[in-house]
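> Sharing a structure, written as structure tokens. Questions coming.
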Amino acid sequence: MAAPLVDPSVLPQASRVILVRHARPRVNPARPAREWELSPEGRVAARRLTAVALFEHADGFYAGPEPKMSATLADVAAERGLLVQTDPSFAESHAEGWLDAATFLATVGRFITAPVRPAAAGWETAAEAAARFAAGIERLRPDHGPVVHPGHVNPGAFAVASGGRVLTAYLSWLLGHTTEQAFQTWRAMRMPDVAVVEFSPDVAPRLVIPFGLLASPGAASGGLRLPATGDAG
Amino acid sequence: MIETTAVPDSIADMPTFRDFIAYVRPKPDEIRWLDVPWQTDLWEGRRLALQEGKPIFLWAMNGNPLGCT
Amino acid sequence: MAGRAQAFSDPEVIRLASEQFIPVAENCSPLQRQRDAKGDFFRLIAEQGHYAGRTFPTDTRQGYYAFTADGTLLAARNSRDPRQMEEMLHTALRRWSVLADTDDADGSAPETLPDYAPARPSRYPEGGLILQLAARDLPRAVDTRKDDWRKSAWNLDYAWFSAEEARAIVPQPRLPGSRQQLPREVIRRLARFHLRDFVRGEPPVWPEEAIRDAELESAILEVAGDERRLVRLALHGAVRLEWDWRWHDRQRDEDRHAESGFDAALYGEATWDESRGAFIAFELLAAGPRWGTGQYNNRADDLGPAPLGIAFTLAGDEPRDRTPPHTIYHPDYFGR
């Protein structure tokens, strides 16, 4: 066997995770949220993710067990000849019952500000959800090592689709966010949305692309517009 | 092709300094990329992309692709 | 340098880039590091692309990127192969169609393109003298160069002079026979920043101490035109540069040094339009033997002496003619 052109021991051992917040579901108060499928708008948005070149780096696609999560990544994975593998580690933080909008937001607020206490009866804490999610990530990372090309190396990468609460909790825990930063992550998140985290040995995990930065991923203009003549500011 | 193998002792005495300039300057087939109407500022490119409803094609080199690389 | 020509040798690539995209060209060395909105935006693009996360062997992000105005990457590649370029552009357009075929039903209020305050504002001298440079090896009596891209190498650059500097090139009084040395700052900038051997690479700026001789005179040949508004000049001079370069070779982890030099005769002609306060024609040739090597000029196998030619001509009015000089951000470029 020919000797490798580059000593493998000098290759950077970085890896990246593409975190995906699911697309918009069809809300059905009569069913638990974890059973909701994607809405028609959500399916369109999921299809638009196939236009996002970022996913070319992913050699694995995973999702929590909720149908809306795997459906968000199904088209993207299929374009790359892969299936989305469901993993209970990536489920949304467990919640019970139907809450009206105002109550829901207030509960999410407690979920973020008090991560070690249930935000409401039957709710998984943010700390528990983050730990569960992190364990899933750490279990998968060794399967997605650096990708060596002629002339350069890319970090290995895989994509994980999940829900906004657990993604917020995971990122807050991983990056040591303050409560305000955690709220910023939650508020910035769209449906769908993507973020990228990088892991390197001996270095703290790094948020390469935060949620909300790619605006509404897949929108041709991202909603940006030019100021009309006469617009102030 | 300049039919000389050495730099003249005194370029100023020769009317061929333009021949040398023509020799040094790139020929049309060497600069085909200049047929593309390049913008030189990415932010201006974003503005034009929004205005015209087009995607952006960015050529980024170590050194300026339109200058010294 | 040779890669530029190859990548765009396909008319279809040129057509696609010109008609279906907003084409932008920038130097990624400062772009990937600058701390402002444009640098942030480029890093957002690059971290989705072919060199995302790259740190080995270098952290370069150079290449070709196709993306939406909001920063969603459609396709990216770093290849000179025109077939791969064409494929990349078609992939980007197919993905663009996927986006364009669907409405953004998000319903949120659209954002305006934010104002951009560059970390380093442009130094473009409006109304000044903008020259395009080309550098190429001149024919030599005995040619020992390898028959590869280096033998036919050439390069481009730009030189900037302010409107005041341009005006000061023209002798006073505006009469045939008037002659003067060009302003020292103009000669210095030409010598240090634009008489570098950049045929094969991007060498550093000559130190001030490398200038062993520098003279450049302008002489009025003719004054013509309505109300004597066109002033035709001859430019004549010589510059000799010599330096013992020292640098640290990071790949070999060793200190290195090498001598190099350029002994250039300069000749040119230009036409100044008094009514416009600008040159309407400008041609200047710097030619002579260069020798030695240094860091980044790729001359280790071609120590010379061998003839080098650098041609200065008036830049055009296209957006691309606002390309900054390679060394524009050197603190001495516009004087100490």
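The values are calculated or read from the model by the stated rules, or taken from the named source; none is laboratory data. As the structure is a computational prediction, the values presented were derived from the model and not from experiment. Neighbour counts are summed over all protein chains in view; Cβ atoms, including those assigned to glycine, are modelled from backbone coordinates with ideal geometry.
> One residue is enough: does the stretch C:7-23 have a residue meeting the conditions free of Cβ contacts under 8 Å to residues at least 24 places away in the same chain and in a strand (DSSP E or B)?
Scanning the stretch C:7-23, I find at least one residue that is free of Cβ contacts under 8 Å to residues at least 24 places away in the same chain and in a strand (DSSP E or B), so the answer is yes.
> I'd like to check something: does the stretch C:148-166 contain any residue that is small (Gly, Ala, Ser), assigned to a helix (DSSP H, G or I), over 22 Å from C:ASN298 (Cβ atoms) and free of Cβ contacts under 8 Å to residues at least 24 places away in the same chain?
No, the stretch C:148-166 contains no residue that is small (Gly, Ala, Ser), assigned to a helix (DSSP H, G or I), over 22 Å from C:ASN298 (Cβ atoms) and free of Cβ contacts under 8 Å to residues at least 24 places away in the same chain.
> Considering each of A:GLY156, A:GLY151 in turn, give the residue that is within 14 Å of chain C (Cβ to nearest Cβ), under 17 Å from the mean Cα position of the chain (by Cα), within 30 Å of C:TYR51 (Cα to Cα) and of a type outside the set (A, V, I, L, M).
Checking each option against the conditions leaves just A:GLY156.
> Let me ask something else about it. Those residues that are over 14 Å from A:PHE133 (Cα atoms), outside any helix (DSSP H, G or I) and among the hydrophobic types (A, V, I, L, M, F, W, C), I need them from the stretch A:159-196; list them, please.
A:MET189, A:MET191, A:VAL194, A:ALA195, A:VAL196
> Being crowded, with 22+ Cβ neighbours inside 10 Å and assigned to a loop (DSSP other than H, G, I, E, B) is the filter here; which residues of the stretch A:93-121 pass it?
Within the stretch A:93-121, A:SER93, A:ALA95, A:ALA119 qualify.
> Scan A:THR86, A:THR113, A:THR125 and give me the residue that is of a type outside the set (Asp, Glu) and under 18 Å from the mean Cα position of the chain (by Cα).
The conditions single out A:THR86.
> Across the stretch C:66-80, which residue is surrounded by the most Cβ atoms within 10 Å (Cβ to Cβ) among those that are of a type outside the set (S, T, N, Q) and more than 9 Å from chain A (Cβ to nearest Cβ)?
Looking at the filtered set, the residue picked out is C:ARG77.
> Moving to a separate point now. Is it fair to say A:GLU128 is at pLDDT 95 or above, assigned to a loop (DSSP other than H, G, I, E, B) and buried (at least 16 other Cβ atoms within 10 Å of the Cβ)?
In short, no.
> Just to be sure before I move on: is A:ALA74 in a strand (DSSP E or B) and modelled with pLDDT of 95 or more in the structure I sent?
no
> With C:ARG61, C:ARG83, C:ARG35 as the choices, which residue is part of a loop (DSSP other than H, G, I, E, B), more than 14 Å from chain A (Cβ to nearest Cβ) and of a type in the set (Lys, Arg)?
Criteria check complete, one pass: C:ARG35.
> Can you tell me how many residues in the stretch C:10-53 are basic (Lys, Arg) and within 26 Å of C:LEU93 (Cβ to Cβ)?
Qualifying residue count for the region: 3.
> (1) surrounded by fewer than 21 Cβ atoms within 10 Å (Cβ to Cβ); (2) at pLDDT 95 or above: which one isn't true of C:ALA191, the others all being true?
(1)
> Using the structure shown, decide if C:ASP249 is more than 14 Å from chain B (Cβ to nearest Cβ) and out of contact with any strand residue (DSSP E or B) (no Cβ under 7 Å at 6 or more places or on another chain).
no
> State whether one or more residues within the stretch C:204-227 are of a type in the set (Ser, Thr, Tyr), part of a strand (DSSP E or B) and at pLDDT 95 or above.
The answer is yes, given that some residue of the stretch C:204-227 is of a type in the set (Ser, Thr, Tyr), part of a strand (DSSP E or B) and at pLDDT 95 or above.
> Something else: Could you run through the stretch C:109-139 and say how many residues are charged (D, E, K, R) and either surrounded by 18 or more Cβ atoms within 10 Å (Cβ to Cβ) or on the phi > 0 side of the Ramachandran plot (or both)?
Here the count works out to 2.
> Out of the residues in the stretch C:297-326 that are over 25 Å from C:TRP245 (Cα atoms) and among the basic types (Lys, Arg), which is surrounded by the fewest Cβ atoms within 10 Å (Cβ to Cβ)?
Among those that are over 25 Å from C:TRP245 (Cα atoms) and among the basic types (Lys, Arg), it is C:ARG322.
> When residues of the stretch C:45-91 are filtered for being modelled with pLDDT of 95 or more, among the basic types (Lys, Arg) and touching a His at 6+ places or on another chain (Cβ under 6 Å), how many remain?
1
> Taking only the stretch C:268-300 into account, find how many residues are in a loop (DSSP other than H, G, I, E, B), under 30 Å from C:GLU126 (Cβ atoms), touching a residue at least 24 places away in the same chain (Cβ under 8 Å) and among the charged types (D, E, K, R).
Within the stretch C:268-300, residues that are in a loop (DSSP other than H, G, I, E, B), under 30 Å from C:GLU126 (Cβ atoms), touching a residue at least 24 places away in the same chain (Cβ under 8 Å) and among the charged types (D, E, K, R) number 1.
> Looking for something away from chain C (no Cβ under 14 Å), surrounded by fewer than 22 Cβ atoms within 10 Å (Cβ to Cβ), closer than 20 Å to A:GLU124 by Cβ and modelled with pLDDT of 95 or more - is there at least one such residue anywhere in the stretch A:40-62?
Looking for residues that are away from chain C (no Cβ under 14 Å), surrounded by fewer than 22 Cβ atoms within 10 Å (Cβ to Cβ), closer than 20 Å to A:GLU124 by Cβ and modelled with pLDDT of 95 or more, one finds none in the stretch A:40-62, hence no.
> I would also like to ask the following. If I filter the stretch C:224-245 for residues that are over 22 Å from the mean Cα position of the chain (by Cα), free of Cβ contacts under 8 Å to residues at least 60 places away in the same chain, closer than 30 Å to C:GLY3 by Cβ and in the same structural domain as C:LEU284 (by TED's automatic domain parsing), do I get at least one hit?
yes
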